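Only one structure is covered here, and it is reproduced in the block below.
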Amino acid sequence: MKFGVLVFPGSNCDHDTYNVIAEIAHEPVTFLWHDSEDLGGVDAVLVPGGFAYGDYLRTGAIARFSPVMGAVQKFAAGGGLVLGICNGFQILTEAGLLPGALMRNAGLKYICKQVNLRVETTDSAFTNQLTKGEVLQIPIGHMEGNYFCTPDELQRLEAEDRIAFRYATPDGQITPEANPNGSLSNIAGILNEGRNVLGMMPHPDRSSEKLLGSSDGWKIFASMIEALATK
């Protein structure tokens, strides 16, 4: 299997994400430049965090028009695995690969801290190594992480079991106090209809080794590897 990590002007977590695949998973991985229309035969695409194009206009709004995103859209439409982390999640919503939008945090401040996520579904290529209700410790680092969608979209996400993660207390309770950014229904990550695209604001790339304070994020990458190995 082979992973591809997108690189936009302003990406700053591309090497973190690359490191997880190369040094922890020990799987082939390559960087994919934003102006390329060729994904190089990868089996999974990782859209990392950062500030693509300086977050001008709106987070992800310019990156959505990069040539590589046309290739990613076709890849996803064909069932390819796509994981968007933080700015990557914002880009995927702008590109129409996921519903909703990421708005400014409720407190209008940049937030960088460890949070608790409750696993809402194990029925995906990104969560098959997790347990429903399990609480993960994964850090966030964003200014626009406040997830919003229409009532109809939220109803569909819930009815189709497409909410992957919610912000929670350490014991798994979904409370307003556990919500760091004002996200609708404490949503921290969602899946597309085909369940092959995941967008999440927290950083599994920054929590895949114990020396970083938590290795819980590794389980998401391990799930992808398991899904690809058994595909």
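The values are calculated or read from the model by the stated rules, or taken from the named source; none is laboratory data. Model, not experiment: these values are computed from the prediction. Here the Cβ is made from the backbone with ideal geometry for all residues, glycine too, and neighbour counts use every protein chain on show.
Below is a table of values for the structure above.
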read-out	value
Looking only at the stretch 68-104, and only at residues there that are more than 24 Å from Thr230 (Cβ to Cβ) and among the small types (Gly, Ala, Ser), the one that is surrounded by the fewest Cβ atoms within 10 Å (Cβ to Cβ)	Gly96
The stretch 175-227, residues that are farther than 17 Å from Pro48 by Cβ, part of a helix (DSSP H, G or I), aliphatic (A, V, I, L, M) and at pLDDT 95 or above	Ala178, Leu184, Ala222, Ile225, Ala227
Pairs where the first residue, in the stretch 210-231, is under 18 Å from Glu134 (Cα atoms) and the second is at pLDDT 95 or above and basic (Lys, Arg), C-beta under 8 Å, 6+ apart	Gly217/Arg206
Test: residue in the stretch 41-63 that is of a type in the set (Asp, Glu) and either buried (at least 24 other Cβ atoms within 10 Å of the Cβ) or within 14 Å of the chain's Cα centre (by Cα) (or both)	no
Any pair with Cβ under 7 angstrom, 6 or more apart, that starts in the stretch 95-114 at a residue that is within 19 Å of Leu184 (Cα to Cα) and ends at one that is surrounded by 11 or more Cβ atoms within 10 Å (Cβ to Cβ) and of a type in the set (Phe, Trp, Tyr)	Gly100/Tyr147; Gly100/Phe148; Ala101/Phe148; Leu102/Phe89; Leu102/Tyr147; Met103/Phe148
Selected residue (criterion: farthest from Lys2 (Cα to Cα)) from residues of the stretch 179-218 that are out of contact with any Ser or Thr (no Cβ under 8 Å at 6 or more places or on another chain) and basic (Lys, Arg)	Lys210
Every residue from the stretch 105-116 that is out of contact with any Phe, Trp or Tyr (no Cβ under 8 Å at 6 or more places or on another chain) and either charged (D, E, K, R) or buried (at least 19 other Cβ atoms within 10 Å of the Cβ) (or both)	Asn105, Lys109, Lys113
Checking Gly182 against (1) surrounded by 20 or more Cβ atoms within 10 Å (Cβ to Cβ); (2) touching a strand residue (DSSP E or B) at 6+ places or on another chain (Cβ under 6 Å); (3) small (Gly, Ala, Ser), the condition it does not meet	(1)
Any hit, the stretch 136-144, residues being over 14 Å from the mean Cα position of the chain (by Cα), assigned to a helix (DSSP H, G or I) and surrounded by 15 or more Cβ atoms within 10 Å (Cβ to Cβ)	no
